[in-house]
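No value in this document is a laboratory result; all are computed from the given coordinates. Every value quoted in this text rests on a predicted model; they were computed, and no experiment measured them. Glycine also receives a Cβ, built like all others from the backbone with ideal geometry; neighbour counts cover every protein chain displayed.
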Amino acid sequence: MRPEVLLLLGMLAAVGAKEDVGDAYNYHELVGIPEAAKIRREEENKISDFDAILMDVAPGLPQPFLAGLIIDLEGKNNQSICGASVLNTKHLVTAAHCWRDSHNQASQFTVVLGSYFLFWGGIRISTNQVVTYPDYNPTELFIHDIAMIYLPTDTSTLTKVDLQPVALPNSDQSSQTYVDEWAIAAGYESPKTDSSRVQMSLQVVKCSGGQDSNICASAENGGCIQPGYSGGPFYLTKNLQTVLVNIVERNIQSNL
């Protein structure tokens, strides 16, 4: 079996086949908090090995629309993480479960821009102005799992950071299935070199298990996308324009 990554379809109205899982969808405790601790620990081990420039704003980063989210949760001392995509100078898009899952409510996002790392360097903007899709229900996987983030600081005033918003699909692109095309998922994981920012090429495949309203993708050679991609961009280039096809949701298994 090859890992199959389920991605949200439709930037402002993610709709998928209904799957009621009760309280099982506990993203932050099961995934986000452990992954945040792992990345932070590995970054602490790495940063002493690098020049101070890596701790400042990093110029010319790949995926200049990729943002990290460090998430404070109500009633918890431990932080969680997600990815997000910059849409314009004031707004980002991520998965709604990053803000609220079946067990936890976030109190604040720290948006990380222009850094090689997630917990150090770059520009950091705190916000609690997050709006989830009105019909989002954290006990239903893949349904309306999308949220908009509003920044209190206009990023056009941040002269030190090179941000380039990603384009949303136009009406023709949003109706495409993209099956057999290759696209890129971007996010964060424990740094193996000089950066926690990572990417993976995935081929769009037909979803299994009745998920026809979503987009699924499979990695080459059985590769597995990491938890730090959740909420981050899945994008491709069309006519020299980078287009946000979907939002990375989670891993599932299929007989492919």
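Sorted from fewest to most neighbouring beta carbons within 10 Å, what does the list 244, 236, 113 look like?
With the sparsest Cβ surroundings first, the list reads 236, 244, 113.
Between their Cα atoms, which of 46/206; 46/76; 46/160; 46/90; 46/238 are more than 29 Å away from each other?
46/206; 46/90; 46/238
When averaged across all projection directions, what area in nm² does the alpha-carbon convex hull of segment 103-222 cover?
Its Cα hull, projected and averaged over all orientations, spans 10.4 nm².
What spacing in nm lies between the two simple spin-label points modelled at residue 171 and residue 77, each 7 Å away from Cα in the Cβ direction?
Going from the residue 171 label point to the residue 77 one covers 5.5 nm.
Arrange 120, 99, 182 by Cβ neighbour counts within 10 Å, fewest through most, would you?
So the residues, fewest neighbours to most, are 182, 120, 99.
Using the number of other C-beta atoms within 10 angstrom as an exposure proxy, rank 42, 181 with the fewest first. All intermediate terms of the calculation are to be shown ahead of the outcome.
Details: 42 17, 181 14.
The most exposed by this proxy come first: 181, 42.
Using only the Cα atoms of segment 59-160, build the gyration tensor, take square roots of its eigenvalues as a ≥ b ≥ c, and label the shape rounded, prolate or oblate: rounded if a/c is under 1.5, else prolate if a/b is larger than b/c, else oblate. All intermediate terms of the calculation are to be shown ahead of the outcome.
Values: a/c = 1.99, a/b = 1.57, b/c = 1.27.
Verdict is prolate for segment 59-160.
Between residue 157 and residue 129, what is 0.36 nm times their sequence separation minus the Cα-Cα distance? Round to one decimal in nm.
Value of the extension gain: 8.1 nm.
For residue 193 and residue 38, compute 0.36 nm times the residue count separating them, minus their Cα-Cα distance, and round to one decimal in nm.
54.3 nm
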